[in-house]
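Since the structure comes first, as structure tokens, the remarks are kept for the end.
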Amino acid sequence: MVLTLVTGGIVGLGVGISSAVGAVLMRGVGLPTALAIGCVVGIGTAIFTGLKAAVLLNQLVAEKPA
């Protein structure tokens, strides 16, 4: 459980920062808008990555021979 949260958080943080920097570099996008884009994309990625990691870990545990 902790591993999935950490994995999702790290990946989400990286993607969120990258999205915010990319939005700032675009013309006509202000800092508040860029931060909002980074937060939304980062949170979505963190949730998706955490769920994906949980599913993969669950499959590994289920396939482990007794």
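Restricting the search to segment 37-51, which residues are among the small types (Gly, Ala, Ser) and surrounded by 15 or more Cβ atoms within 10 Å (Cβ to Cβ)? Listed by number, the residues that qualify are Gly38, Gly42, Ala46, Gly50. For segment 27-36, the set of residues classified as surrounded by 10 or more Cβ atoms within 10 Å (Cβ to Cβ) and not small (Gly, Ala, Ser) consists of Val29, Leu31, Thr33, Leu35, listed by residue number.
If you take the residues in segment 8-21 that are touching a Ser or Thr at 6+ places or on another chain (Cβ under 8 Å) and open to solvent by 30 Å² or more (accessible area, probe 1.4 Å), which one is nearest to Gly42 (Cα to Cα)? Looking at residues that are touching a Ser or Thr at 6+ places or on another chain (Cβ under 8 Å) and open to solvent by 30 Å² or more (accessible area, probe 1.4 Å), I get Val15.
Among the residues in segment 58-66, are any surrounded by 14 or more Cβ atoms within 10 Å (Cβ to Cβ) and assigned to a helix (DSSP H, G or I)? Among the residues of segment 58-66, not one is surrounded by 14 or more Cβ atoms within 10 Å (Cβ to Cβ) and assigned to a helix (DSSP H, G or I), which makes the answer no. Summed over segment 10-28, the residues that are of a type outside the set (S, T, N, Q) and within 18 Å of Gly50 (Cβ to Cβ) give a count of 8. Would you say Val24 is aliphatic (A, V, I, L, M), open to solvent by less than 80 Å² (accessible area, probe 1.4 Å), without any contact (Cβ under 8 Å) to a residue 60 or more places away in the chain and not in a helix (DSSP H, G or I)? No; evaluated as a whole, the condition is false for this residue.
The values are calculated or read from the model by the stated rules, or taken from the named source; none is laboratory data. Remember, predicted model here, so these are calculated numbers, not experimental data. A quick note on method: Cβ atoms are made from the backbone with ideal geometry, for glycine too, and the neighbour counts reach across all protein chains shown. To get the accessible areas, we keep the full protein, side chains included, count just its heavy atoms, and leave off ligands, DNA and RNA. Shrake-Rupley method; radii C 1.70, N 1.55, O 1.52, S 1.80 Å.
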